Amino acid sequence: MRHRVFAKFCFCVLALAVLTSACSVQSADGYHPNDSYTDKVETKAGTFSGVFRIKTEASDSLTLDPHSSVSSTRSEAMIARYEQIEELFECTVEAQQVKDGSITSTMMASTAAARNYADIFQLSAGNIYDMYKGGYLTYAQNLEEFDIADEKWGFEGQKEMMTFKDGQTYGFRNIYWSAPLPSVSGVLYYNADILAENAMPSPAELYENGNWDWDHFKQICIGVTNHVGDRQGTYAFVKPSAEYPEMIHAVISSNGGQRLVADDLKGYRCGYMNFNTIDALEWLGDLVRDEKVCYEISGSASDVPDVEAFVNFYTAFLAADSSVGFSESEMYPLYTFEDDFRWIEFPKGPDFTGKTTAYYSQYDQFLALSNTVDIGIVGKILNAMFEPLDDEDTDGWKEYIERNFFFHEEDFEIYRNMIENARTNYSVLTTKTNLTTDDILGAVIDGIKTPKEATEQLVPVIEGLLG
């Protein structure tokens, strides 16, 4: 697969070189990748004393630490940008990837130990919220000459996700670098080969024609399920449970269900007590129990048995977040399936009214600011640092992602719609309730609780431990 990806990359580079030599075209906003770096940024209005430190826990294929990235070309561009920042602001830029959990543990150990540990962090939304609660972060609106409303700092749903109770935004993206890769939850992956072998309609074509809905998804799930006995053969997807709840949350989101809704008196209240959520749980429970389309994981030694089942052709679909699609591990589908590996959002339920069923969750990656930053200069540094990398324009991140992680243009366009229009599922604000929530929702799939019983039990759990 790597040879195919590399060949696709070389072709794109050659085509870009020919186009560039033939003409010089500016984007609508006047941006051109061949402008000198100093033409793209305002001259500095001060210096940054000492070391500008960046810490990242992200483990995907591209982080703010160029030495941890698998993309040598992009790493070199990031190193060059850090050198430009060092010259512009008379400082040293230090970017380091550290062990998962070490940022929050270091910051929370003591204020003295954490002082000057880092200026910006790259880590999950859930960890950022924990650091916000501990008082270790400053908000983006606190920086001088830094406009969090600018599109370069993320899409509306991402900013909504990271704007907390005080109305300030504590997490943001650096869109033009795609580092970390723009992540989103509620992705449904599928094995096109299994669907074709069973003469099932293409989800991509159904999506294009406006027919990607629960009814067609159920038809495909029944059509691809072909097994003998308890485990042999092919199933639609891994059985949803408290341990594998991604399908449950995706179904709820796909029918307009929300974990929290705004409340003038409480700030937020549990949003599961409505027919959107109840109907979604009833539909999924019936599909699982009546149609027998699910593969039940048993005795797997894998860290990700649901992914393992998908890669080994036991299941046709996998509900997960985008990190699965971006992983270049040999145990993941990007490496294994090649062009049979397809992306799509979860099909729409009858009561869904939004632009995408995808959503942002506590596991998605963001950048955050230490409360020790120099608010007078750091905004200027970030504005200059996260301009498009050299030889790229403001759409360069899209070309990089499509070229390296997608075999089908239509799948990339679906992914782009997901990240641009996804909303928050509020799991960041309810981290203390996640295990209990998954247990209760999993009991519905097992037929132990009715959807109404489950949603009634979730109200005091979610509202009682909110925040």
Label point at Glu208 placed 7 Å out along Cα→Cβ; residues across the range 387-431 whose backbone nitrogen lies under 13 Å: 408-414
Long-range amide H contacts for Val184: which residues qualify at under 5 Å (H placed 1.01 Å from N, peptide plane, sequence gap of 5 or more or a different chain)? Ser322, Ser323
With all pairs of different alpha carbon atoms counted, what Kirkwood hydrodynamic radius in Å does the range 165-309 show? 18.0 Å
Provide, for q = 0.10, 0.20 Å⁻¹, the log10 of I(q)/I(0) from a solvent-free Debye sum over equal Cα point scatterers in the range 253-352. -0.42, -1.08
Descending accessible area (1.4 Å probe), largest on the left, turns Glu156, Glu463, Glu399 into Glu156, Glu399, Glu463
With a cap of 12 neighbouring Cβ atoms within 10 Å, and only residues DSSP puts in a loop, list the chymotrypsin sites (Phe, Trp or Tyr not before Pro) found in the range 236-290. none
Sequence order, the range 190-207: Karplus ³J(HN,Hα) from phi using 6.51 cos²θ - 1.76 cosθ + 1.60, θ = phi - 60°, Hz rounded, Gly and Pro as x, gives 9, 9, 4, 5, 4, 5, 5, 4, 9, 6, 8, x, 7, x, 4, 6, 4, 4
Over the chain, calculate the relative contact order: mean separation of alpha carbon pairs under 8 Å at least 6 apart, over the residue count, as a percent. 24 percent
³J(HN,Hα), Karplus 6.51/-1.76/1.60, whole Hz, each residue of the range 419-436, x for Gly, Pro: 6, 7, 10, 5, 10, 6, 9, 6, 5, 4, 7, 10, 4, 5, 9, 4, 5, 5
In nanometres, the difference between 0.36 nm per residue of separation and the alpha-carbon distance of Glu76 and Lys292 is 72.7 nm
Over the chain: Rg over Rh, Cα atoms, Kirkwood Rh: 0.98
Please calculate the 1.4 Å probe accessible area of Arg403, with all protein chains present, and give it to the nearest 10 Å². 40 Å²
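What accessible area per residue comes out for the range 263-361, rounded to a whole number of Å², with a 1.4 Å probe? Mind dumping the intermediate values first?
Numbers: 4430 Å² over 99 residues.
Per residue, the range 263-361 has 45 Å² of solvent-accessible surface.
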What list of ³J(HN,Hα) couplings, whole Hz, do you get for the range 234-242 from phi and the Karplus terms 6.51, -1.76, 1.60, once you set θ to phi - 60° and write x for glycine and proline? 10, 10, 6, 7, 5, 4, x, 7, 4
Can you give me the relative contact order of the range 151-280 as a percent, contacts being Cα pairs under 8 Å and 6 or more apart? 13 percent
Net lengthening on full extension, Asp263/Met331 (0.36 nm per residue, minus Cα-Cα): 20.1 nm
According to the square roots a ≥ b ≥ c of the eigenvalues of the Cα gyration tensor, what is the shape class of the range 156-211, taking rounded for a/c under 1.5, prolate for a/b larger than b/c otherwise, and oblate for the remainder? prolate
Leaving ligands, DNA and RNA out of it, rank Ser323, Ser202 by accessible area with a 1.4 Å probe, largest first. Ser323, Ser202
Would you check the accessible area of Cys270, probe 1.4 Å, heavy atoms only, in square angstrom rounded to 10? 10 Å²
Tell me, what % of the accessible area of the chain is carbon and sulfur with a 1.4 angstrom probe? 48 percent
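Which net charge results for the neighbourhood of Thr163, defined as the other residues with beta-carbon distances under 13 angstrom from its beta-carbon, given Lys and Arg at +1 and Asp and Glu at -1?
Values: positive: Lys159, Lys165, Arg423; negative: Glu156, Glu160, Asp166.
Net of charged neighbours comes to 0.
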Residue pairs, from the table Lys239/Lys432; Lys218/Lys355; Lys133/Lys266; Lys292/Lys452, whose Cα atoms sit over 27 Å apart: none
Please identify the GluC sites (Glu not before Pro) of the range 182-269 that satisfy two criteria: DSSP loop assignment and at most 14 other Cβ atoms within 10 Å. Which are they? Glu243
On each of the three principal axes the extent of the alpha-carbon atoms of the range 312-449, given in whole Å and largest first, is 57, 39, 34
How much accessible area does Val93 have with a 1.4 Å probe, in Å² rounded to the nearest 10? 20 Å²
Placed amide H near Thr138: partners under 5 Å, 5+ positions off or other chain: Leu369, Ser370, Asn371
Given the C-alpha atoms of the range 369-467, compute the convex hull and give its volume per residue in Å³. 191 Å³
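The values are calculated or read from the model by the stated rules, or taken from the named source; none is laboratory data. Keep in mind it's a predicted model, so treat the numbers as computed, not measured. Heads up, the Cβs are rebuilt from the backbone with ideal geometry, glycines too, and the neighbour counts pull from every protein chain shown. The accessibility values were calculated without ligands, DNA or RNA, using every heavy atom of the protein model including side chains. Shrake-Rupley method; radii C 1.70, N 1.55, O 1.52, S 1.80 Å.
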